[in-house]
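Enquirer: This is the structure I want to talk about, given as structure tokens.
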Amino acid sequence: MDKVRGVIARAKGAPVSVETIIVPDPGPGEARVAVQACGVCHTDLHYRQGGISDDFPFLLGHEAAGIVEEVGPGVTAVVPGDFVVLNWRAVCGECRACRRGRPWYCFATRTAAQKMTLADGTPLYPALGIGAFADKTLVAAGQCTKVDKRARPEAVGLLGCGVTAGLGAAMFTGEVGPGDSVAIFGCGGVGCAAVSGARLAGALKVIAVDLDQSKLELAEMFGATHTVDGSKVDPVEAIRGLTGGNGADVCIEAVGNPKVMEQAFYARDLAGTLVQVGVPTPDMRIDLPMIDFFGRGGQLKPSWYGDCLPSRDFPMLVELYLQGRLDLDRFVSETIALEAVEEAFHRMERGEVLRSVVVL
Ligand SMILES: NC(=O)c1ccc[n+]([C@@H]2O[C@H](COP(=O)([O-])OP(=O)(O)OC[C@H]3O[C@@H](n4cnc5c(N)ncnc54)[C@H](O)[C@@H]3O)[C@@H](O)[C@H]2O)c1
Ligand SMILES: [Zn+2]
Ligand SMILES: [Zn+2]
């Protein structure tokens, strides 16, 4: 076992603290990873706010890259020294989704069997089964995807959650194809990644919608061909105007807001696709006339983690990054120390960053 530092959320709404944690030696099917970089995601803040569960204390952090230090019995997919991106979709191969050949929906993804603890033995609940705001973390070996060592950990660690959610919302859930028009609502880390994904998939028009001018400028840097300031104009009208009066083939909701969801629904062309990647809170509702649901046709698709399959997609995305075709560096707004996660939450809430990334 190892004694290292980790960022802990102890109670609902309380500021996080850096504390000593105990990381067990890996058991069967497990791996211990020396974390090199871990991005700060909204989901970490949701954990600290008690919005995900009440199982405090949490060990936060889940968008990470690092080096495998030790593996437990039976682990062959990774070996000590491998450079890996951590994921929260370690497919089980046995659940009903996996057995039906749809592992990107896996309903029983693997995590470490042993618990990491505080120094006094209190068990910790790692965010999304990862817990990587720590010098080291214990995960299921399947949560480690080996990627090319030449990549920067700060950049490719972000593939572990939000960036892949956005890329996959366009590429996998939305199935954007050559010549499509795509409208992306919300240009934070997830939305800007969706812009990149739409470009990679060959979209002709990539329309970015946000209320914040600086976010629209970022979306343009990621390849948006048009921008719409939703604080000044009606996005539905603007998108129709940019698409010959028809609407976009694919609309991606990357905010988590019922009003935006409704705009994305109506900004679609007939038989178009609406992808919901923004995460709603339990109180949010949508109310649509059934005749519009039927009459507009197409598909409404929630996107969990961009419907990605880490073992298939992370090495490919890292290769696109190394070829200079996927700008992951631009998502890294700043690098920070483990002690600065609380401040980074506030910068995130003020909309000042795409991603703050803890470097260890
Ligand atoms: N589905 C998944 O697997 C998955 C994974 C990671 C994150 N997410 C979710 O994706 C969403 C976006 O995450 P993020 O990190 O990009 O957040 P973010 O806060 O950085 O970005 C949200 C953006 O939406 C903009 N916005 C707010 N209200 C708007 C409106 N009415 N119209 C247009 N734009 C508006 C904001 O200005 C901001 O730029 C969150 O809900 C997050 O929880 C989903
Ligand atoms: Zn499964
Ligand atoms: Zn996340």
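Enquirer: Restricting to region 284-309, give me the number of residues that are in contact with a Lys or Arg (Cβ under 8 Å, 6 or more places away or on another chain) and assigned to a helix (DSSP H, G or I).
Expert: Total meeting the criteria: 2.
Enquirer: Within the group 267, 271, 254, which residue is assigned by TED's automatic domain parsing to the domain that holds residue 183 and touching a Cys at 6+ places or on another chain (Cβ under 7 Å)?
Expert: 267
Enquirer: For region 130-214, give me every one of the strands (runs of 3 or more DSSP E) that falls completely inside it and has 1 or more residues that are in contact (Cβ under 8 Å) with a residue 60 or more places away in the chain.
Expert: The qualifying strands (runs of 3 or more DSSP E) are 136-140, 144-146, 181-185.
Enquirer: Can we say residue 329 is within 18 Å of residue 158 (Cα to Cα), surrounded by 14 or more Cβ atoms within 10 Å (Cβ to Cβ) and under 22 Å from the mean Cα position of the chain (by Cα)?
Expert: Taking the combined requirement at face value, the residue does not satisfy it.
Enquirer: Within region 148-164, can you find the residues that are crowded, with 24+ Cβ neighbours inside 10 Å and touching a helix residue (DSSP H, G or I) at 6+ places or on another chain (Cβ under 6 Å)?
Expert: 156, 158, 159, 162, 163, 164
Enquirer: Taking region 103-133 only, how many residues are more than 16 Å from the chain's Cα centre (by Cα) and more than 16 Å from ligand 3 (Cβ to nearest atom)?
Expert: Summing the residues that are more than 16 Å from the chain's Cα centre (by Cα) and more than 16 Å from ligand 3 (Cβ to nearest atom) in region 103-133 gives 18.
Enquirer: Report whether or not residue 38 is assigned to a strand (DSSP E or B) and either assigned by TED's automatic domain parsing to the domain that holds residue 116 or within 16 Å of ligand 3 (Cβ to nearest atom) (or both).
Expert: In short, yes.
Enquirer: Looking at region 201-223, can you tell me whether even one residue there is within 22 Å of residue 311 (Cβ to Cβ) and at pLDDT 95 or above?
Expert: So far as region 201-223 goes, yes, one or more of its residues are within 22 Å of residue 311 (Cβ to Cβ) and at pLDDT 95 or above.
Residue by residue, here is whether (1) assigned by TED's automatic domain parsing to the domain that holds residue 128; (2) of a type outside the set (Val, Ile, Thr); (3) in a strand (DSSP E or B); (4) surrounded by 22 or more Cβ atoms within 10 Å (Cβ to Cβ) holds:
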| position | (1), (2), (3), (4) |
| --- | --- |
| 262 | no, yes, no, no |
| 279 | no, no, no, no |
| 282 | no, yes, no, no |
| 311 | no, yes, no, no |
| 318 | no, no, no, yes |
| 334 | yes, yes, yes, no |
| 347 | yes, yes, no, no |
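Enquirer: Now for a different question. Taking the condition part of a loop (DSSP other than H, G, I, E, B), closer than 27 Å to residue 73 by Cβ and more than 16 Å from ligand 1 (Cβ to nearest atom), does residue 28 pass?
Expert: Here the answer is yes, as residue 28 does meet what is asked.
Enquirer: Can you pull out every residue in region 80-105 that is within 20 Å of residue 157 (Cβ to Cβ) and either surrounded by fewer than 18 Cβ atoms within 10 Å (Cβ to Cβ) or among the aromatic types (Phe, Trp, Tyr) (or both)?
Expert: 80, 81, 83, 88, listed by residue number.
Enquirer: Return a yes/no flag: does region 115-126 have any residue that is within 16 Å of ligand 1 (Cβ to nearest atom) and touching a helix residue (DSSP H, G or I) at 6+ places or on another chain (Cβ under 9 Å).
Expert: Among the residues of region 115-126, not one is within 16 Å of ligand 1 (Cβ to nearest atom) and touching a helix residue (DSSP H, G or I) at 6+ places or on another chain (Cβ under 9 Å), which makes the answer no.
Enquirer: Right, next: Taking only region 270-306 into account, find how many residues are of a type in the set (S, T, N, Q) and without any contact (Cβ under 8 Å) to a residue 60 or more places away in the chain.
Expert: Here the count works out to 2.
Enquirer: For residues that are more than 19 Å from residue 170 (Cα to Cα) and basic (Lys, Arg), scanning just region 206-261, find the one that is nearest to ligand 3 (Cβ to nearest atom).
Expert: 259
Enquirer: Kindly indicate which of 108, 169, 112 is of a type in the set (A, V, I, L, M, F, W, C) and surrounded by fewer than 21 Cβ atoms within 10 Å (Cβ to Cβ).
Expert: Unique residue meeting the criteria: 108.
Enquirer: Then there's this: Please state which one of 271, 238 is surrounded by fewer than 20 Cβ atoms within 10 Å (Cβ to Cβ) and outside any loop (DSSP other than H, G, I, E, B).
Expert: Criteria check complete, one pass: 271.
Enquirer: Return yes or no: is residue 5 basic (Lys, Arg), away from ligand 3 (no atom under 16 Å from the Cβ) and touching a residue at least 60 places away in the same chain (Cβ under 8 Å)?
Expert: Yes, satisfied.
The values are calculated or read from the model by the stated rules, or taken from the named source; none is laboratory data. The structure presented is a predicted model; accordingly, all values stated were derived computationally and were not measured. So basically every Cβ, Gly included, is an ideal-geometry build from the backbone, and we count neighbours across all protein chains shown.
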